[in-house]
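The structure under discussion appears below in the form of structure tokens.
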Amino acid sequence: MPATTSLKSHSVIEQTTSRIVIADDHPLFRGALRQAIARILPQAEIVEAGDFAATTAAMTAGEDPDVVLLDLSMPGAQGFSGLLYLRAQHPGVPVVVVSGAGDPGVIRKCMEFGASGFVPKSLSVDAMGEALAAVLAGGTWTPPDVDMSSAPDREAADLARRLTSLTPQQVRVLMMLSEGLLNKQIAYELNVSEATIKAHVSAILQKLGVESRTQAVIVAARMAAAPWTAGTPA
């Protein structure tokens with residue numbers, strides 16, 4: 001992000017007291033983003049999270065954030081799994097995806113999965129201010145140079161609808177299935193019975209319209225910005 005910028009366009013939000021969570025596993029980028037937000041929103045409370053576990057902890061510590069700036073891939077989440085989980089667990093909190101990927105297809109999927117905005121990591125501070133202003137006002141924001149007007153892929157849109165129907169716990173189970181964990185291992189990690197996990201898996205298969213856990217992982221991988229590979233940590 002550029003070191004200097006005019007902040008005139010941010011006058012509407014610069015006095016706003018907001019709680020913002022920055023979820024990214026790269027400390028240097030988190031620091032740069034924190035500095036940019038501090039200039040745009042001097043009164044903001046900024047919380048940093050370096051992995052998805054810290055992100056979920058920040059979401060439940062104190063008042064709900066006014067916005068979450070989420071990297072698509074970080075320890076504990078990969079592809080759209082983190083976005084899906086946050087939207088299911090905290091539907092009232094807007095999530096803005098901050099990513100180095102600027103492919104229109106990825107941006108469209110983020111918005112279909114419930115993101116309130118998509119911000120490229122190369123974005124200027126001025127444009128970041130515009131994005132935050134739009135989202136904090138209850139709107140959405142995507143890069144103006146990206147054409148979002150074309151008709152979405154029907155199959156992809158239908159699958160997006162199915163994935164967003166999963167509960168937060170089902171999203172977590174799907175994430176763990178994608179890592180290659182067995183029901184017994186997932187039950188241990190989530191501190192529930194194996195029977196509960198089996199019930200979640202059955203519900204996941206039904207909602208995704210597939211017949212096996214392998215097919216569920218394949219479905220998730222098709223919709224991910226980065227492939228979910230069984231046996232590979234997120």
Rounded to the nearest 10, the angle in degrees between the Cα long axis of helix 154-164 and the longest principal axis of the Cα atoms of the chain comes to 90
Fewest-first ordering of Thr196, Thr55 by Cβ atoms within 10 Å yields Thr196, Thr55
Scoring region 8-136 by relative contact order with C-alpha pairs under 8 Å, at least six apart, yields a percentage of 24
Looking only at aspartates and glutamates whose Cα falls under 17 Å of Lys184's and that sit 8 or more positions away or on another chain, we get Glu194
Put in order of increasing Cβ neighbours within 10 Å, starting from the fewest, Tyr85, Tyr188 give Tyr188, Tyr85
Toy charge model, Lys and Arg Cβ at +1, Asp and Glu Cβ at -1: region 154-222 dipole around Cα centroid in debye, rounded to 20, equals 140
Among beta bridges assigned by DSSP with both residues in region 46-198, the antiparallel ones amount in percent, to the nearest 5, to 10
The size of the Cβ-based charge dipole (Lys, Arg +1; Asp, Glu -1) of the chain about the Cα centre, to the nearest 20 debye, is 420
Among Val106, Ser73, Ile197, the residue whose Cα sits farthest towards the positive end of the charge dipole of the chain, when +1 is placed on the Cβ of each Lys and Arg and -1 on the Cβ of each Asp and Glu, is Ile197
Comparing Ala220, Ala187, Ala137 in a Gaussian network model of the chain (Cα, 10 Å), the one with the largest mean-square fluctuation is Ala137
Of the candidates Gly31, Gly129, Val93, the farthest towards the positive dipole end of region 8-136 (Lys/Arg Cβ +1, Asp/Glu Cβ -1, centred on the Cα centre) is Gly129
In region 8-136 the DSSP beta bridges are antiparallel at a rate, in percent to nearest 5, of 5
Inter-part gap, Cα centre of region 29-63 to Cα centre of region 163-226, in whole angstrom, is 29
The exposure ranking of Asp147, Asp66, fewest beta-carbon neighbours within 10 Å first, is Asp147, Asp66
Hull volume per residue for the chain, using the convex hull of the C-alpha atoms, in Å³ is 113
Dividing the mean separation of Cα pairs under 8 Å (6+ apart) by the residue count of region 154-222 yields a relative contact order in percent of 35
Residue-normalised 222 nm signal for the chain, counting each DSSP H run of n ≥ 4 as -39,500 (n - 2.57), nearest 500 deg cm²/dmol, is -14000 deg cm²/dmol
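Computed from the coordinates by the stated procedures, all read-outs in this text should not be read as laboratory data. Everything numeric in this text was worked out from a predicted model, so none of it was measured. Note: ideal-geometry Cβ built from the backbone for every residue, glycine included; neighbour counts use all protein chains shown.
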